[in-house]
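**Student:** Below is one structure. I have some questions about it.
The values are calculated or read from the model by the stated rules, or taken from the named source; none is laboratory data. Not measured: the values here are computed from a predicted model. Here the Cβ positions follow ideal geometry from the backbone for every residue, glycine too, while neighbour counts run over all protein chains shown. Heads up: the accessible areas ignore ligands, DNA and RNA and are worked out on the full protein's heavy atoms, side chains in. Shrake-Rupley method; radii C 1.70, N 1.55, O 1.52, S 1.80 Å.
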Protein chains: 2
Amino acid sequence: MRSTSRAETFPAHTPAASQIFTTVLSHGPLTRLEAARRAGLSAAAVTKAVRPLLAAGYLAEDADGDARPALGRPANLVRVDGGRALFIGVKVTGDEVIAVLTDLCCRIRLARRLPVTDHGAKAVLTSVAELTHELRTEAEDFGAPVLGLGIAVSGDVDRAQGTVRYSPFLDWRDVALADLAAMTTGLPVVVDNDVRALTVAEQWFGAGVGLSDFAVVTVGAGIGCGLVIHGRLVAGAHGVAGEIGHVAIDPAGPLCHCGNRGCVEAIAGDAAIVTRMREVTGRQVTDAAQAVALAHEGVPGAREVYASAGEAIGRGIATVANLFGPERVIISGEGLAAYDLFAEQILDSFAAAAFGSAARCDVQTRPLPFEEWARGAAATAIQSFITSSPTPTGKG
Amino acid sequence: MRSTSRAETFPAHTPAASQIFTTVLSHGPLTRLEAARRAGLSAAAVTKAVRPLLAAGYLAEDADGDARPALGRPANLVRVDGGRALFIGVKVTGDEVIAVLTDLCCRIRLARRLPVTDHGAKAVLTSVAELTHELRTEAEDFGAPVLGLGIAVSGDVDRAQGTVRYSPFLDWRDVALADLAAMTTGLPVVVDNDVRALTVAEQWFGAGVGLSDFAVVTVGAGIGCGLVIHGRLVAGAHGVAGEIGHVAIDPAGPLCHCGNRGCVEAIAGDAAIVTRMREVTGRQVTDAAQAVALAHEGVPGAREVYASAGEAIGRGIATVANLFGPERVIISGEGLAAYDLFAEQILDSFAAAAFGSAARCDVQTRPLPFEEWARGAAATAIQSFITSSPTPTGKG
């Protein structure tokens, strides 16, 4: 988290307090007893943790008519007061900057897009600043402060350092994005890999709520994967994890930009599909939408390109399942626009390559527009806000 | 844990107490302050946790001359009294039953082997009982009780239920091994997959001590993998995890017993190497030792079989590294007897297939005889002992 000004800080000074807040955030209004049970803490610890959060207005406590016991006092429900604070989340793609304003419960209040014409970090940063300014101006109507900005970028991102080490689609190397954006916007900034950000949003607010082990697999320009194991996002000891796109499944397969052959992304990523579609159909194909259209038109060979892509994705998912045994795999990403073209192959090849009871993993799809990815970026900003120490320790 | 009699129980009634004990067990004699720091607990929590453990003799506290501060009282060191309790660990292979007697610190005191001629569960159980009886008789000289038995078997093992669901090498299906062994020996019994058991031993006492994320990859009859992520062993939501042997790397590769083609195990497992060695050399080859000998003799084509095996293992390890980014991968298993024949290929193909900084993962080898695997089984028995509730809740 990078910040240029002294921003409002979260009044939870212990891991237990962050944990209770996160539990209430994910699981909705809860009695203190239920919050304690779910967080694995004592009732006394919960009472201690919620006091400053209630005082500062981040939590609210209401009498719950439905939960009124037959005897004794009615059980109050603790909930997050979503309107207490606002956050901005931004997703940067090769074509657009998508920004959302969310409340503390990560509900989207406003959404804006700007096209990207220049991929340079400076130009993208100008768009991010413009959208942020616009959303903050409109946020004044909501009567709550904007407390953080999350930016999600594909590629190798060092969240702790706030830098984009390498983003192939933007052609960025070692961009200190968090510092730059904090200077431009004056907000505390978190920069994270876009798939990890989406996974955080799914864990806290989506199809991963309550699951200890799950994976988000994104298909589109890249093939990515966010892994939650033992309830926590896997980051990798050296910053690399979830690279399902670079699971190599065929030594005789097409060359990948990573230097290997037969990576899932080299078969099923948008660029690979477009290239293969041109070879197979002899038509001019310049983007994924055109490739999908050819397959839908029934142009000979076009459907087979998607069948191969689906098979590769299914085998990648099976590899994840065989190694980690997640309870659920959530497939998302803009590539789902072609889902009818390869759904069967994904599920069939997953089932064939899954080992034993790993096949019992629940593989489901969630079409999520880019606003949901931007919401994931906002979720990382919320996460950082509620887990950061009130005493700044970073260099920002 | 299955038991037929009321055995001695561990006097730690809270997760914090188990955690402190485990910390002292793994990190050797520690001051209370250091134990608190490493376990992330308060000094008060440590004091509360160690009191009953000191009283029951599981922990001991000694003045430490070296750690004497310049001022004030000398800092006492807390350590596990290894001699306080004994455990038996058994590893079952297709050829032998290997049993060790360990102390509470999982140091091997005695080791015994019996050949397996009949793979049936009944015959193997008789051998396990015989070795257990022998070790318990000899254990009487050590003046400490034997408090548990751990059995490690390859294949799909349900530790919670104590059953071997499927073990291909033993040709077992749904064997309630923990119940059977508890009835035969009268000891509390833990049954676990052998690679997972070895991984527990590495985490607590071996090359994984202090690491939050690491993998143990075993090569030999099978190719297995134990994963520790966020400091905990990955078990898989449906009981399957770490199946690196069934990472499929080549759709044109040899057929695997799992039904797929080109699994790492179908290229680099002992049976695959023996089969391929026969095809390539035209010689009679019946086991891995003969295959190694042919390669060492320089028989044409023999070295290439190992080169392919090494390449497959390296690619499997790279897949593990690309997906979860471990700090270290420890290669072990009886297949290391051939390590000089494929070490270079393992490391080269790992480096080529690792994505970006995932290549910085420390890949190392640890030749561990089967006694170390049996020690892993003893480690699971110790683990179960120190984390089990004093009030039995199982059906045993």
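**Student:** Quick one: is A:Ile346 of a type outside the set (D, E, K, R) and either closer than 28 Å to A:Val274 by Cβ or touching a Pro at 6+ places or on another chain (Cβ under 9 Å) (or both)?
**Tutor:** Yes; evaluated as a whole, the condition is true for this residue.
**Student:** If a residue has to be touching a residue at least 60 places away in the same chain (Cβ under 8 Å) and not hydrophobic (A, V, I, L, M, F, W, C) to count, how many in the stretch B:163-172 make the cut? So that I can check it myself, show each step before the final result.
**Tutor:** Applying the first criterion (touching a residue at least 60 places away in the same chain (Cβ under 8 Å)) to the stretch B:163-172 yields B:165, B:168-170.
Subset that is not hydrophobic (A, V, I, L, M, F, W, C): B:165, B:168.
So the answer is 2.
**Student:** Determine whether A:Arg276 is of a type in the set (D, E, K, R) and over 26 Å from B:Glu243 (Cα atoms).
**Tutor:** yes
**Student:** Working carefully through the options A:His257, A:His230, find the one that is more than 8 Å from chain B (Cβ to nearest Cβ), of a type outside the set (S, T, N, Q) and open to solvent by 10 Å² or more (accessible area, probe 1.4 Å).
**Tutor:** Of A:His257, A:His230, the one residue that is more than 8 Å from chain B (Cβ to nearest Cβ), of a type outside the set (S, T, N, Q) and open to solvent by 10 Å² or more (accessible area, probe 1.4 Å) is A:His257.
**Student:** Restricted to the stretch B:129-159, and to residues that are of a type in the set (S, T, N, Q) and buried (at least 20 other Cβ atoms within 10 Å of the Cβ), which residue is farthest from A:Ala358 (Cα to Cα)?
**Tutor:** Among those that are of a type in the set (S, T, N, Q) and buried (at least 20 other Cβ atoms within 10 Å of the Cβ), it is B:Thr132.
**Student:** Please go through the stretch A:145-181 and give me each residue that is touching a Leu at 6+ places or on another chain (Cβ under 8 Å) and assigned to a helix (DSSP H, G or I), ordered by number.
**Tutor:** A:Leu177, A:Leu180, A:Ala181
**Student:** If A:Ala268 passes every condition in (1) open to solvent by 60 Å² or more (accessible area, probe 1.4 Å); (2) at pLDDT 95 or above but one, which one does it miss?
**Tutor:** (1)
**Student:** Can you tell me how many residues within the stretch B:47-65 are among the hydrophobic types (A, V, I, L, M, F, W, C), modelled with pLDDT of 90 or more and closer than 14 Å to B:Arg79 by Cβ?
**Tutor:** 5
**Student:** Do you know which residues across the stretch B:207-221 are part of a loop (DSSP other than H, G, I, E, B) and either among the charged types (D, E, K, R) or open to solvent by less than 20 Å² (accessible area, probe 1.4 Å) (or both)?
**Tutor:** B:Ala207, B:Gly208, B:Asp213, B:Val219, B:Gly220 - these are the residues of the stretch B:207-221 that are part of a loop (DSSP other than H, G, I, E, B) and either among the charged types (D, E, K, R) or open to solvent by less than 20 Å² (accessible area, probe 1.4 Å) (or both).
**Student:** Residue under question is A:Ala252, and the condition is that it be over 30 Å from the mean Cα position of the chain (by Cα) and assigned by TED's automatic domain parsing to the domain that holds A:Val217; does it hold?
**Tutor:** When the stated conditions are applied, A:Ala252 passes them.
**Student:** Moving on. Just to be sure before I move on: is B:Gly226 modelled with pLDDT under 95 and within 17 Å of B:Ala374 (Cβ to Cβ) in the structure I sent?
**Tutor:** On the way: modelled with pLDDT under 95: no; within 17 Å of B:Ala374 (Cβ to Cβ): yes.
Here the answer is no, as B:Gly226 does not meet what is asked.
**Student:** Residues in the stretch A:201-221 that are at negative phi and away from chain B (no Cβ under 12 Å): how many?
**Tutor:** Within the stretch A:201-221, residues that are at negative phi and away from chain B (no Cβ under 12 Å) number 13.
**Student:** Among the residues of the stretch A:121-162, write down those that are more than 24 Å from A:Thr102 (Cβ to Cβ) and free of Cβ contacts under 8 Å to residues at least 40 places away in the same chain.
**Tutor:** The answer is A:Lys122, A:Ala123, A:Gln161.
**Student:** Failed condition for A:Thr126, given (1) modelled with pLDDT of 95 or more; (2) of a type in the set (Ser, Thr, Tyr); (3) open to solvent by less than 60 Å² (accessible area, probe 1.4 Å), with all others met?
**Tutor:** (3)
**Student:** Suppose we filter B:Val320, B:Val285, B:Val329 for residues that are free of Cβ contacts under 8 Å to residues at least 60 places away in the same chain and not acidic (Asp, Glu); which single one remains?
**Tutor:** Every option except B:Val285 fails the conditions.
**Student:** Please enumerate the residues belonging to the stretch A:233-245 that are open to solvent by 20 Å² or more (accessible area, probe 1.4 Å) and more than 8 Å from chain B (Cβ to nearest Cβ).
**Tutor:** Result: A:Leu233, single match.
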